[in-house]
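The values are calculated or read from the model by the stated rules, or taken from the named source; none is laboratory data. Owing to the predicted nature of the structure, the values given are computational and were not obtained by experimental measurement. For neighbour counting, all protein chains shown are included, and Cβ atoms are generated from backbone atoms with ideal geometry for every residue, glycine included. These area figures cover heavy atoms from the full protein model, side chains too; ligands, DNA and RNA do not enter into them. Shrake-Rupley method; radii C 1.70, N 1.55, O 1.52, S 1.80 Å.
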Protein chains: 2
Amino acid sequence: MVRAGLTPERLTREGAELADEIGFDQVTVSGLARRVGVKVASLYSHLNDARDLKTRIALFALEELADRVAAALAGRAGKDALAAFADAYRDYAREHPGRYAAARLRLDPETAAASAGVRHAQMTRAILRGYDLTEPEQTHAVRMLGSVFHGYVSLEQAGGFGHTPVDPRESWAWIVDRLDALLRNPATP
Amino acid sequence: MVRAGLTPERLTREGAELADEIGFDQVTVSGLARRVGVKVASLYSHLNDARDLKTRIALFALEELADRVAAALAGRAGKDALAAFADAYRDYAREHPGRYAAARLRLDPETAAASAGVRHAQMTRAILRGYDLTEPEQTHAVRMLGSVFHGYVSLEQAGGFGHTPVDPRESWAWIVDRLDALLRNPATP
DNA sequence: CCCATTTGCCTAAAGCTATTAGGCAAATGC
DNA sequence: GCATTTGCCTAATAGCTTTAGGCAAATGGG
């Protein structure tokens, strides 16, 4: 019997690809086993259970996305950085919808604390250093940026923008522009 | 054998409650059958399949949310309307997390077109009439509002705001305030 | 009021996923 | 070169989905 050469890493990568193909929610241990050409039970030497698989894919996606964002951010500041951040985010979600969905999996606190999720938070705050915000405004802004970017990508992915003929890229650019203005300007009563 | 008196409506309502209790993703035909005290197969006289059940819950949630938003919006305009809209949205998601998740289910185009989803879109545009936006800016703004509100609620629900001691309600108020300013002011180059 | 039809819920069964237990052969290491 | 570890397999249990077929309760026309 020839061994298949499985490892948790290999399974995670294959799982991520599978997620992109059929959707993260549809990823199953059985399906992954079929994909790599072994019997289902064999995967349980490498994975604890289905949840473990999903968590690994999520961590993988978070790393990958953080790397991309970091690369996009390198040497940029201000609006330039904001736009690069936004685009890296949206592009990743479009190229890898399944992984993007995986990155949004709710992790338990310890796992999350040890994940690339913290790099995401740091990078978001780094962008905001280019603007003149004081605590707690910076926290509000972090939350707002996270919400807009995640929300937009999530709605776009769900096909929510198909009704209007307006190009989603234009809306994206407009939003980034307006957010930049919003962050640059002090409170306008 | 005493009849249980099931109807699609009753099952939808119970399904919505179940979703709030255990999460929309965890809702299953089997679980619903247990909840209403009948055997699983009995539900298939009232539902086509599991997908049908989920779709019904989604449509129900969309209606309910649209009703709430409409009520909140009545007689308001401008920032007042924006804040009422935002709060109705967030409050619903907090009170009924399962139904809120259901409302985000991707529906096929015809179903979506016949759903309360169109009321949501109309109401969002109605709010924006209080601001001075021209097409295509209005579309961009619709998308932005949808993104922020959905994104925020979704991140908050996922526990993404637990790390910082800043009260999510403060951030919410700040965001609504800044969005209002953003929409009131013309492009600031 | 009674019987025929419809309707509602049930049992049975097949197929798929998750997970555990135990076995045999391939790889590894002394 | 052999002992141990490791990797993948078969077998089996359990839950969810869905279809088929059956019996009893509700309904409605004569």
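Computed values, structure above
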| quantity | calculated |
| --- | --- |
| Any hit, the range B:96-107, residues being away from chain A (no Cβ under 14 Å) and more than 16 Å from DNA strand D (Cβ to nearest atom) | yes |
| Check on A:Ser171, at pLDDT 95 or above, open to solvent by less than 50 Å² (accessible area, probe 1.4 Å) and in a helix (DSSP H, G or I) | yes |
| Residues satisfying the stated conditions in the range A:36-62, i.e. within 11 Å of DNA strand C (Cβ to nearest atom), within 24 Å of the chain's Cα centre (by Cα) and not in a loop (DSSP other than H, G, I, E, B) | A:Ala50, A:Arg51, A:Asp52, A:Leu53, A:Lys54 |
| Test for B:Leu43: is it more than 14 Å from DNA strand D (Cβ to nearest atom), among the aliphatic types (A, V, I, L, M) and buried (at least 16 other Cβ atoms within 10 Å of the Cβ) | no |
| Residues of the range B:146-182 that turn out to be farther than 17 Å from B:Ala103 by Cα and touching a helix residue (DSSP H, G or I) at 6+ places or on another chain (Cβ under 6 Å), as a count | 11 |
| Residue that is least open to solvent (accessible area, probe 1.4 Å) [pool: residues in the range B:61-97 that are among the basic types (Lys, Arg) and within 24 Å of B:Gly23 (Cβ to Cβ)] | B:Arg90 |
| Positions within the range A:152-166 being small (Gly, Ala, Ser) and either at pLDDT 90 or above or part of a helix (DSSP H, G or I) (or both), in sequence order | A:Ser154 |
| Count of the range B:18-30 residues which are away from DNA strand C (no atom under 12 Å from the Cβ) and surrounded by 15 or more Cβ atoms within 10 Å (Cβ to Cβ) | 5 |
| Leading residue by the ranking (surrounded by the most Cβ atoms within 10 Å (Cβ to Cβ)) among those in the range B:2-17 that are among the small types (Gly, Ala, Ser) and under 16 Å from B:Thr55 (Cβ atoms) | B:Gly15 |
| Residue in the range A:53-60 that is surrounded by fewer than 14 Cβ atoms within 10 Å (Cβ to Cβ), at pLDDT 95 or above and among the hydroxyl-bearing types (Ser, Thr, Tyr) present | no |
| Members of the range B:112-145 that are more than 17 Å from A:Gly160 (Cα to Cα) and either more than 9 Å from chain A (Cβ to nearest Cβ) or open to solvent by less than 30 Å² (accessible area, probe 1.4 Å) (or both) | B:Ala126, B:Ile127, B:Leu128, B:Arg129, B:Gly130, B:Tyr131, B:Asp132, B:Leu133, B:Thr134 |
| Residue pairs meeting the criteria (Cβ under 6 Å; at least 6 apart or on separate chains; first more than 7 Å from chain B (Cβ to nearest Cβ) and under 12 Å from B:Arg143 (Cα atoms), in the range A:146-167; second open to solvent by 40 Å² or more (accessible area, probe 1.4 Å) and at pLDDT 90 or above) | none |
| Whichever residue in the range B:1-33 is over 24 Å from the mean Cα position of the chain (by Cα) and under 28 Å from A:Phe24 (Cα atoms) and, among such residues, is farthest from DNA strand D (Cβ to nearest atom) | B:Ala33 |
| Options A:Arg76, A:Arg68, A:Arg90; residue that is of a type in the set (D, E, K, R) and in contact (Cβ under 8 Å) with a residue 40 or more places away in the chain | A:Arg90 |
